[in-house]
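Below is one structure, written out as C-alpha cells, with a few remarks after it.
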Amino acid sequence: MKVPQVTEGSGEKGNQTTLPVLLFVTLEYHDAVCLVQQVHKSLATLSKVIRGTVLPSSDIIHLADTIINQQVCHHYYHPKYCD
C-alpha cells in the first residue's frame, strides 16, 4: 500500500506545502494498516498450523505462547514495512 501524498496548494503553481497534521494522520493510517496486515498474516499461519497443513516454526510457536499468556508478540513492536 502506498501512502498518498497530502499537499495543499498555496495559490501559486508548483508551490505546495505539506500539512503536518494531515501527513501525520496519513502515516499513522498507513502504519495501522500494515500492523493489521501483519497480525492477519501471522494468525492465518497459526490457523494453518493448528489445522495441520503447515509445520510450526519457532516464530509461530512463540506467537502461540504469547497468545496463551495474553501478551503481545514482540514482532508487532517492530513491524516490517508492508508491500
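The residue pairs whose first member lies in the stretch 51-79 and is free of Cβ contacts under 8 Å to residues at least 40 places away in the same chain and part of a loop (DSSP other than H, G, I, E, B), whose second member is of a type in the set (A, V, I, L, M) and surrounded by 11 or more Cβ atoms within 10 Å (Cβ to Cβ), and whose beta carbons are closer than 6 Å, counting only pairs six or more residues apart or on different chains, are Pro56/Val49; Cys73/Leu63. Based on this model, can you work out whether Ala64 counts as of a type outside the set (Asp, Glu), exposed (fewer than 12 other Cβ atoms within 10 Å of the Cβ), modelled with pLDDT of 85 or more and out of contact with any Asp or Glu (no Cβ under 7 Å at 6 or more places or on another chain)? Considered against the rule, which asks whether it is of a type outside the set (Asp, Glu), exposed (fewer than 12 other Cβ atoms within 10 Å of the Cβ), modelled with pLDDT of 85 or more and out of contact with any Asp or Glu (no Cβ under 7 Å at 6 or more places or on another chain), Ala64 comes out as no. For the stretch 71-81, the count of residues that are surrounded by 12 or more Cβ atoms within 10 Å (Cβ to Cβ), at pLDDT below 90 and hydroxyl-bearing (Ser, Thr, Tyr) is at least one. Across the stretch 23-41, a minimum of one residue is classified as at pLDDT 90 or above and loosely packed, with under 11 Cβ neighbours inside 10 Å.
The values are calculated or read from the model by the stated rules, or taken from the named source; none is laboratory data. Quick caveat, the model's predicted, so the values are computed rather than measured. Every residue, glycine as well, gets a Cβ built from its backbone with ideal geometry; the counts of neighbours run over all protein chains shown.
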